[in-house]
Each structure stands twice: as C-alpha cells, then as structure tokens.
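The values are calculated or read from the model by the stated rules, or taken from the named source; none is laboratory data. Just so it is clear, the model here is predicted, and its values are computed rather than measured. FYI the Cβ positions are ideal-geometry reconstructions off the backbone, even for glycines, and counts take in every protein chain you see.
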C-alpha cells in the first residue's frame with residue numbers, strides 16, 4: 001500500500017503505471033476517486049505515454065443527450081482517446097450492474113486480443129466493484145411491474161422494503177441501509193425472480209486480471225471548492241438548455257436519469273419551484289453530499305490495501321492538493 005502526499009502527483013502515477021504494465025502486460029488499471037478529484041485529466045495525460053483505451057466507470061455518462069450535467073468528456077478528446085461505456089442508452093433506458101460487468105469484460109478481452117491495454121476510470125463504486133470484487137451476477141432483467149409494486153408498498157408503509165428483504169435475505173438486509181430504496185428493490189427482485197437470495201447469488205471471485213487500483217484523494221475543503229467551480233461552469237455551459245431539450249424530447253422528470261444531480265434541481269427551477277439561487281445552492285449541497293458518500297465508500301479500498309489486500313491487486317493512493 002502506497003500513499004503519496006504533498007507532491008506533484010502525475011510523474012509518480014506515470015511511473016507506477018509504467019512499472020505495473022511492464023510486469024503485467026494484460027493487467028488493468030483502475031483510477032478511482034470522488035467527483036472533482038481529477039480522474040479524467042489524469043487519464044488523458046497518461047494516454048500520451050501508454051497505449052490504452054478508457055472504460056468509463058460513471059453511472060450517469062452512460063446516458064445519451066446528457067452531457068453538461070454529467071460533466072461528460074468532450075467528443076474532441078474521445079476522437080483521440082477512445083472511451084467505452086459512454087452514450088450507450090437513452091435516458092429512459094436501464095442498465096444493470098450485471099450488464100456493466102458483462103460488457104466491461106468483453107471490452108477488456110477485445111482490447112487485450114488486439115494488443116491494447118484497458119484503463120477503467122470513474123467514481124461509481126458499484127461499477128468498479130464488478131471488476132474489483134468480481135461478483136457472480138444473476139441474469140435478472142428489470143421487472144418494472146414488480147418494482148412499481150415494491151415502491152408502492154414502501155410509500156404506504158415506510159420501512160416495508162427493508163423488513164421484506166430481512167425476511168427473504170437477512171444477509172443482504174444487514175448490508176443495505178433501510179433508506180437505500182433502489183438497492184433494496186433490486187435485492188428483493190433478484191430473490192423473487194430466481195428464488196435465490198442475492199447474498200447467495202452474488203459471490204465474490206478472484207480478480208480476472210491483475211489490477212492496479214489508483215485512488216485520487218482530496219480533502220473535503222479542496223473537493224468542495226472544485227465542485228463549486230464546476231457548477232459555475234455547468235451553468236455557463238447552458239445546463240438549463242440541455243434540460244429543456246431533454247424535456248422537449250419527452251423524457252419524463254420522474255426517470256431515474258432525470259433525478260440525477262443537476263437535472264432534478266434544474267427541472268424544479270424550470271417549473272418555478274425554486275429560484276435561480278436556490279437551484280445553485282441545491283446543486284452544491286447535493287454534489288457535496290455525493291462526494292462525501294464516495295469518499296466513505298472508497299475508504300474500503302484503502303482499508304483493503306492496508307489490512308486485507310486482495311491477491312493479484314496493487315493499491316496506491318495519491319493525496320492531491322490545489
């Protein structure tokens with residue numbers, strides 16, 4: 001486990017990546033970190049020295065037509081550095097972690113077959129875990145009728161979902177917060193469709209390829225400063241017009257994609273429910289909260305690297321300063 005502090009981090013990261021690829025020609029580099037830590041800029045810089053293609057690990061950049069609010073990497077950069085798992089479904093589409101794992105494995109295998117390298121970059125811990133924890137994933141397509149029923153039960157009786165999951169899969173229930181409705185619904189859905197608890201259906205396996213886990217870390221103050229700056233840029237880049245276009249294309253504000261940070265707040269503003277300043281403040285608070293949740297989740301990788309490293313995985317964390 002290596003933690004670098006107070007340094008010009010890029011040269012150290014480049015050296016770490018080069019050493020890893022020298023020893024593991026078909027290894028996979030994963031760059032993780034909370035929002036606004038510099039993951040994209042780091043990967044673009046690294047592309048000048050290593051022959052790899054990027055696999056985005058962002059749960060929102062999968063949606064077409066949603067560019068500004070998701071801080072999607074530009075087409076200009078993508079034309080020079082191929083990116084995968086971006087713009088793959090419409091905002092009313094659904095994409096499970098199982099689909100993500102399957103598609104990512106196929107992409108990495110194809111790159112390796114062509115003598116190329118893969119670098120996974122993003123801040124969605126669930127998607128990163130499909131490689132890092134390499135869970136077996138049940139092939140269960142979304143059942144929207146069942147999901148609607150489960151959500152209605154929760155509305156009628158708050159706490160019902162967690163109690164139901166505790167009844168059919170107590171192991172999963174112990175790991176999911178009672179307010180994490182989406183994860184509770186998915187766990188119950190898996191049990192209802194397969195008859196097997198999610199805790200049994202999703203087993204952790206050894207990693208498929210050698211992994212280099214590179215974490216980019218900033219303190220809370222710097223992260224929030226960068227988030228606030230990014231929000232100002234999004235407003236200047238006409239996030240409002242992007243949301244208007246999505247609504248004009250008849251994508252409902254109730255869609256999961258439209259409930260994402262930036263879109264939900266802008267819809268409220270356009271519906272005269274919030275003032276401009278209230279929208280910006282809501283957006284700031286929601287993004288700060290997201291970064292906090294990401295930091296909490298990613299601390300697991302740090303603890304693994306320090307106390308319980310996985311076989312065939314290297315861990316490095318770089319603490320960055322402005």
Give the residues of region 61-71 that are surrounded by fewer than 20 Cβ atoms within 10 Å (Cβ to Cβ) and under 21 Å from residue 119 (Cα atoms), sorted by residue number.
71
Of the residues that make up region 305-321, is at least one part of a loop (DSSP other than H, G, I, E, B), buried (at least 17 other Cβ atoms within 10 Å of the Cβ) and in contact with a helix residue (DSSP H, G or I) (Cβ under 6 Å, 6 or more places away or on another chain)?
no
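Residue 140 - would you say it is over 28 Å from residue 40 (Cβ atoms), under 21 Å from the mean Cα position of the chain (by Cα) and assigned to a helix (DSSP H, G or I)?
Values: over 28 Å from residue 40 (Cβ atoms): yes; under 21 Å from the mean Cα position of the chain (by Cα): yes; assigned to a helix (DSSP H, G or I): no.
Considered against the rule, which asks whether it is over 28 Å from residue 40 (Cβ atoms), under 21 Å from the mean Cα position of the chain (by Cα) and assigned to a helix (DSSP H, G or I), residue 140 comes out as no.
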Taking region 210-245 as the region of interest, how many residues are surrounded by 17 or more Cβ atoms within 10 Å (Cβ to Cβ), under 26 Å from residue 316 (Cα atoms) and over 20 Å from the mean Cα position of the chain (by Cα)?
1
Please pick out the residue among 134, 148 that is touching a strand residue (DSSP E or B) at 6+ places or on another chain (Cβ under 7 Å) and farther than 28 Å from residue 287 by Cβ.
134
Name every residue in region 61-82 that is within 22 Å of residue 238 (Cα to Cα) and either in contact with a helix residue (DSSP H, G or I) (Cβ under 7 Å, 6 or more places away or on another chain) or not in a loop (DSSP other than H, G, I, E, B) (or both), in order of residue number.
63, 65, 66, 67, 68, 69, 71, 73, 75, 76, 77, 78
Which numbered condition residue 18 misses (of (1) touching a strand residue (DSSP E or B) at 6+ places or on another chain (Cβ under 8 Å); (2) modelled with pLDDT of 95 or more; (3) not in a strand (DSSP E or B))
(1)
Could you list, in sequence order, all residues of region 262-312 that are assigned by TED's automatic domain parsing to the domain that holds residue 70 and at positive phi?
312
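For region 194-207, does any single residue satisfy the condition of being part of a strand (DSSP E or B), in contact with a helix residue (DSSP H, G or I) (Cβ under 8 Å, 6 or more places away or on another chain), buried (at least 20 other Cβ atoms within 10 Å of the Cβ) and touching a residue at least 24 places away in the same chain (Cβ under 8 Å)?
Within region 194-207 (the criterion being part of a strand (DSSP E or B), in contact with a helix residue (DSSP H, G or I) (Cβ under 8 Å, 6 or more places away or on another chain), buried (at least 20 other Cβ atoms within 10 Å of the Cβ) and touching a residue at least 24 places away in the same chain (Cβ under 8 Å)), the answer is no, since none of the residues qualifies.
State the number of residues belonging to region 37-51 that are free of Cβ contacts under 8 Å to residues at least 12 places away in the same chain and surrounded by 17 or more Cβ atoms within 10 Å (Cβ to Cβ).
In the first step, residues of region 37-51 are kept if they are free of Cβ contacts under 8 Å to residues at least 12 places away in the same chain; the result is 41, 48.
Then keep just the ones that are surrounded by 17 or more Cβ atoms within 10 Å (Cβ to Cβ); that gives none.
Residues in region 37-51 being free of Cβ contacts under 8 Å to residues at least 12 places away in the same chain and surrounded by 17 or more Cβ atoms within 10 Å (Cβ to Cβ): 0 in total.
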If you take the residues of region 246-255 that are at pLDDT 95 or above and either loosely packed, with under 11 Cβ neighbours inside 10 Å or over 24 Å from the mean Cα position of the chain (by Cα) (or both), which of them is farthest from residue 68 (Cα to Cα)?
250
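Residue 111 - would you say it is at pLDDT below 95 and either within 25 Å of residue 41 (Cα to Cα) or in a loop (DSSP other than H, G, I, E, B) (or both)? Can you show your working first?
Details: at pLDDT below 95: no; either within 25 Å of residue 41 (Cα to Cα) or in a loop (DSSP other than H, G, I, E, B) (or both): yes.
No; evaluated as a whole, the condition is false for this residue.
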Which one is surrounded by the most Cβ atoms within 10 Å (Cβ to Cβ), of the residues in region 115-134 that are more than 16 Å from the chain's Cα centre (by Cα) and outside any loop (DSSP other than H, G, I, E, B)?
118
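Given the structure, is residue 258 surrounded by 20 or more Cβ atoms within 10 Å (Cβ to Cβ) and either at pLDDT 95 or above or within 17 Å of the chain's Cα centre (by Cα) (or both)? Write out each step before concluding.
Details: surrounded by 20 or more Cβ atoms within 10 Å (Cβ to Cβ): yes; either at pLDDT 95 or above or within 17 Å of the chain's Cα centre (by Cα) (or both): yes.
Taking the combined requirement at face value, the residue satisfies it.
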